[in-house]
1. In this structure, is M104 modelled with pLDDT under 90 and under 30 Å from A218 (Cβ atoms)?
2. Working carefully through the options S193, S230, S174, S156, find the one that is under 30 Å from R52 (Cα atoms) and modelled with pLDDT under 90.
3. Name the single residue that is nearest to the chain's Cα centre (by Cα) among those in segment 170-199 being of a type in the set (G, A, S), buried (at least 19 other Cβ atoms within 10 Å of the Cβ) and farther than 12 Å from A122 by Cα.
4. Would you please name the residue that is modelled with the lowest pLDDT, looking only at residues in segment 203-227 that are out of contact with any helix residue (DSSP H, G or I) (no Cβ under 8 Å at 6 or more places or on another chain), of a type outside the set (D, E) and not in a loop (DSSP other than H, G, I, E, B)?
5. Kindly provide the set of residues from segment 107-138 that are farther than 16 Å from A170 by Cα, among the small types (G, A, S) and at pLDDT below 90, ordered by number.
6. Please verify whether Q164 is at pLDDT below 95, under 14 Å from the mean Cα position of the chain (by Cα) and under 19 Å from G107 (Cα atoms), treating the condition exactly as stated.
7. Here's a check for you: in segment 35-69, which residue that is over 21 Å from the mean Cα position of the chain (by Cα) and free of Cβ contacts under 8 Å to residues at least 12 places away in the same chain is surrounded by the most Cβ atoms within 10 Å (Cβ to Cβ)?
8. Criterion first (farther than 21 Å from G83 by Cα, of a type in the set (A, V, I, L, M, F, W, C), at pLDDT 85 or above and in a loop (DSSP other than H, G, I, E, B)) does A182 satisfy it?
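The values are calculated or read from the model by the stated rules, or taken from the named source; none is laboratory data. Please read all numbers here as calculations on a predicted model, not as lab measurements. Every residue, glycine as well, gets a Cβ built from its backbone with ideal geometry; the counts of neighbours run over all protein chains shown.
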Amino acid sequence: MLFSDRYSTQLTSRVKRCLVIIMERDLKSRGGRPWSFDREKAVETAMRLFWRHGYEGVSIGDLTKEIGIAPPSIYAAFGSKAGLYKEALDRYEEKFGSLDVEPMKTGASLAEAVRALLEGAARAVTDPDRERGCMISSGMTECHFDHAALAREATSRRDAMREQIAEALAPFASKTDARRLARYLSAVMQGISIQARDRATRAELQEIIEETVAGLKARGFEEWSRTGVSTSRSSPPPHKRGGPKQP
């Protein structure tokens, strides 16, 4: 297996060198004139392809066919398929991927804030005017070892989203609790994204949300409000400590 991976890496490197030679020859034959294509449109098209099929599911051939340019132009403009993927991720974040935590700020309790977050995520990943799922949540979760740097880039963006959630939970919980809950909710959101890619309906995703909120309520999270914050996730609300309230 190791020999196969090394051979694959060497072959990929040779192919890239050949493409560089082709690009240089092509550029000279055209008197140094740059390739003419709409870069913005190319990034937009690539974003849609990567969003729909994932990084590994899109080949250079797929990209050139949909964008309408030759492989040398891809490498000349973006350096590599990975370079184009990074720009596609940036475009996605600009247009769709900015996590909307504003609805969480209107919730009077943590349960309400969580519901607002998850329902917003479910609406986004099932929007009929978009591709299914979240490109950041679902992207690069599995990839060849050659693309480890690109996977770290996607992980970094997911980490940033998780930090946003933790910050939005700050009015309801301690810093430690907020981070723990943010990690849990991030996992739920990733699951919602994958389910959406598998064509789950909005109603089916709502069932996941209801189960999540019910689980939080069962553990006493429902009583975490902006005016009464629990200091420990393992501790129930103050009036529940030591058993039920006395009459």
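1. Here the answer is yes, as M104 does meet what is asked.
2. S156
3. Checked segment 170-199; the qualifying residue nearest to the chain's Cα centre (by Cα) is S186.
4. A218
5. The answer is S137, S138.
6. yes
7. T64
8. For A182, the condition - farther than 21 Å from G83 by Cα, of a type in the set (A, V, I, L, M, F, W, C), at pLDDT 85 or above and in a loop (DSSP other than H, G, I, E, B) - is not met.
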